[in-house]
Amino acid sequence: MIAGNPSTFAIESNITQAYEQLSWLALGCFVIHISGRRYGVFKPDATMLACSFDEVGRRISSRGNHTVPFSELDAGEIALAFSGALYASNPEQYYFGIALPTFYDMIHASRVVWAPDGDEAFDDGSYVLQFDFEAHVRLIAFKSGQESLYDPVTLSDIWLEADNFYSILSQWHDNFSSEWGSMPKCEHPIN
């Protein structure tokens, strides 16, 4: 199931097996398409989908709150700063003139990190950052490199109308819920 247009922005998921337990929901895959690139593991058994479903719901309910003072800077610089601050063994003490602890707290408090979303869906090294503006949403996505925290070749940066972006999130959320609701459910994952 795809909501949106993969050449600009879309969410794609597939349910391989639905489960009764809401903390699992289903086994399948969840990927995000930005500017024709796919972020996430695209395999039928990539992840349990509850984390991705819940995260999309949180994004919808917290519309307009994914803001930080550096959200309009160069996408590559943002990706590099984000990667360095959160994952470098020796991070810089300042990013964009903001002290590391404050920068780190800002990222988490504003929930600009959409992916990874807490499960195995993005074990391919993908990161998707979301920044809200009044009438627009900016998505910056990239993958970590084999030798680095950020691979510039994988960078995507797109500005979308906020109404369109949140409409796609809502469409995917509603369609996934309907699809899951109509499927037969297993009680436990099969090993």
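If you go through segment 40-54 and pick out every residue that is open to solvent by less than 10 Å² (accessible area, probe 1.4 Å) and either out of contact with any helix residue (DSSP H, G or I) (no Cβ under 7 Å at 6 or more places or on another chain) or free of Cβ contacts under 8 Å to residues at least 60 places away in the same chain (or both), you end up with 2.
What do you reckon, is Arg58 of a type in the set (Lys, Arg), touching a strand residue (DSSP E or B) at 6+ places or on another chain (Cβ under 7 Å) and either touching a residue at least 24 places away in the same chain (Cβ under 8 Å) or open to solvent by 40 Å² or more (accessible area, probe 1.4 Å) (or both)? Considered against the rule, which asks whether it is of a type in the set (Lys, Arg), touching a strand residue (DSSP E or B) at 6+ places or on another chain (Cβ under 7 Å) and either touching a residue at least 24 places away in the same chain (Cβ under 8 Å) or open to solvent by 40 Å² or more (accessible area, probe 1.4 Å) (or both), Arg58 comes out as no.
For (1) open to solvent by 10 Å² or more (accessible area, probe 1.4 Å); (2) in contact (Cβ under 8 Å) with a residue 60 or more places away in the chain; (3) assigned to a loop (DSSP other than H, G, I, E, B), each residue gets a yes or a no:
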| site | (1), (2), (3) |
| --- | --- |
| Gly118 | yes, yes, yes |
| Gln130 | no, yes, no |
| Phe142 | no, yes, no |
| Pro152 | yes, yes, no |
| Trp159 | yes, no, no |
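Checking each residue of segment 13-22 against the condition of being surrounded by 17 or more Cβ atoms within 10 Å (Cβ to Cβ), touching a strand residue (DSSP E or B) at 6+ places or on another chain (Cβ under 9 Å) and in a loop (DSSP other than H, G, I, E, B) gives no match. Which residues, taken from segment 49-70, are under 14 Å from Ile11 (Cα atoms) and aromatic (Phe, Trp, Tyr)? Across segment 49-70, the qualifying residue is only Phe53.
The values are calculated or read from the model by the stated rules, or taken from the named source; none is laboratory data. Keep in mind the model is a prediction, meaning the values are calculated, not measured. Heads up, the Cβs are rebuilt from the backbone with ideal geometry, glycines too, and the neighbour counts pull from every protein chain shown. Quick note on the areas: whole protein, heavy atoms, side chains included, nothing else; ligands and nucleic acids left out. Shrake-Rupley method; radii C 1.70, N 1.55, O 1.52, S 1.80 Å.
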